[in-house]
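Peer 1: Have a look at this one before I ask anything.
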Amino acid sequence: MKVGFIGLGRMGSAMASNLLKAGFELTVHNRTAQKAEPHLAQGAVLAQTPADAARGDVVITMLADDAVVEAVVFGKDGILAALKPGGIHISMSTISVALAERLARAHADQGQGYLSAPVFGRPDAAAAAKLFVVAAGPSELVRSCQPLFDALGQRCFVIAAEAPKANVVKLSGNFLITAVIEALGEAFALIGKAGIDREQYLDLITSTLFGAPVYKTYGAIIAEQKYHPAGFKAELGYKDVRLALSAAEALKVPMPLASLVAVRFLTLIAQGDGDLDWAALAKLAASDAGEQDTPPRSP
């Protein structure tokens, strides 16, 4: 299987490396070509344009937002014009439901396949091939791409035959993570103001009521106030909550908590902290409580 991979950020770079380790013939493209160098050393071929990465059997996109995906797919030297009939585009980015619907229609009109397959997991999980893949699209396409998903993650959840439904699931999941982060931030502000040891508190809550990985991961980040470098930037968290709200509006689903979290993210970004990890929402709760700010960032 000849595979193209577009988007070599922290997540995409780790994912591309795992595809190479699994033996796939890989062509890579990134706006900053220098980021492709480690993959070229592993045996990948450099594509100068998105179109050049889309001349094989499958092309995967792992990009930051709707605007970048639109440019890569529909722009000059884009995927849509280059992908052969029967070729498959797998969008693993966290994008809007509306864009996923547009991509599914556009590829179908060209006789191409399209799958939405966003992932849950931070960069360390991507590097360890421990992502959770949420896939949706025609069953025969999902089956044909299963070896790729197996190389990237520990489990693939097949949601529906309609590709955009995977994006609904992904956005709902990211909203849940942000709600947990906000709740943890408020709880840590409370116990911190009371003079209770943060590490001891974390051990207690994750050993009793809240043993799920999301509480352990983000509880540790908040307890240690390690918001830099970001595993996932706050500005991207804000983007995802807004996309969840947009999907909810289209379906006439009120999400008052999501609206609150969006405002909290906007406040954090307005204070100049959009490049911190999205767990830095906890900074706001600490500040509201009059607690000391987080330690200085590493140079």
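Peer 1: Counting DSSP beta bridges with both partners in the chain, what percentage is antiparallel, nearest 5?
Peer 2: 15
Peer 1: Now for a different question. Quick one: angle between helix 234-250 and the longest Cα principal axis of the chain, in degrees between 0 and 90, rounded to 10, please.
Peer 2: Between the helix axis and the principal axis of the chain, the angle is about 70 degrees.
Peer 1: Skipping prolines and chain starts, which residues have an amide H placed within reach, meaning under 5 Å, of the one on Ala230, given they are 5 or more residues away or on another chain?
Peer 2: Asp277
Peer 1: So, one more: Could you run the Karplus curve 6.51 cos²θ - 1.76 cosθ + 1.60 with θ = phi - 60° over region 264-281 and give me ³J(HN,Hα) per residue in whole Hz, x for Gly and Pro?
Peer 2: 5, 4, 4, 4, 4, 5, 4, 7, x, 10, x, 8, 6, 4, 5, 5, 5, 3
Peer 1: Separate question: If the elastic network links every pair of Cα atoms under 10 Å, which of Pro138, Pro254, Pro123 fluctuates the most in the Gaussian network model of the chain?
Peer 2: Maximum fluctuation in the GNM of the chain, among the listed residues, is at Pro254.
Peer 1: Based on Cα coordinates alone, diagonalise the gyration tensor for region 111-169, multiply each eigenvalue by 5, take square roots, and list the semi-axes in whole Å, largest first.
Peer 2: In descending order, the three semi-axes are 20, 12, 8 Å.
Peer 1: Then there's this: Can you tell me the 0 to 90 degree angle between the C-alpha axis of helix 10-21 and the longest principal axis of the chain, rounded to 10?
Peer 2: Between helix and principal axis, roughly 50 degrees.
Peer 1: Under the rule of at least 5 residues apart or a separate chain, name every residue whose amide H is placed under 5 Å from the amide H of Ala135.
Peer 2: Phe157, Val158, Ile159
Peer 1: Now, a different point. Helix 164-193 against the longest principal axis of the chain: what's the angle in degrees, Cα atoms only, rounded to the nearest 10?
Peer 2: Computed tilt is about 20 degrees.
Peer 1: So, one more: Rounded to whole Hz and in sequence order, give me ³J(HN,Hα) for region 31-47 from the Karplus expression 6.51 cos²θ - 1.76 cosθ + 1.60, θ = phi - 60°, writing x for Gly and Pro.
Peer 2: Values per residue, Gly and Pro as x: 4, 9, 4, 4, 5, 7, 4, x, 6, 5, 5, 8, x, 6, 10, 7, 9 Hz.
Peer 1: Cross-link candidates for Lys233: which lysines have Cα within less than 22 Å, leaving aside residues fewer than 8 places away along the same chain?
Peer 2: Of all the lysines, those that pass the test against Lys233 - Cα under 22 Å, at least 8 places apart if same chain - are Lys35, Lys130, Lys170, Lys216, Lys283.
Peer 1: Here's a follow-up. Where both residues lie in region 2-161, what percent of DSSP beta bridges are antiparallel, nearest 5?
Peer 2: DSSP beta bridges in region 2-161 are roughly 10 percent antiparallel.
Peer 1: Roughly how many Å is it from the Cα centre of region 166-192 to that of region 73-87, as a whole number?
Peer 2: 37
Any read-out appearing in this document is the output of simple, stated calculations on the displayed coordinates, not a laboratory observation. Owing to the predicted nature of the structure, the values given are computational and were not obtained by experimental measurement.
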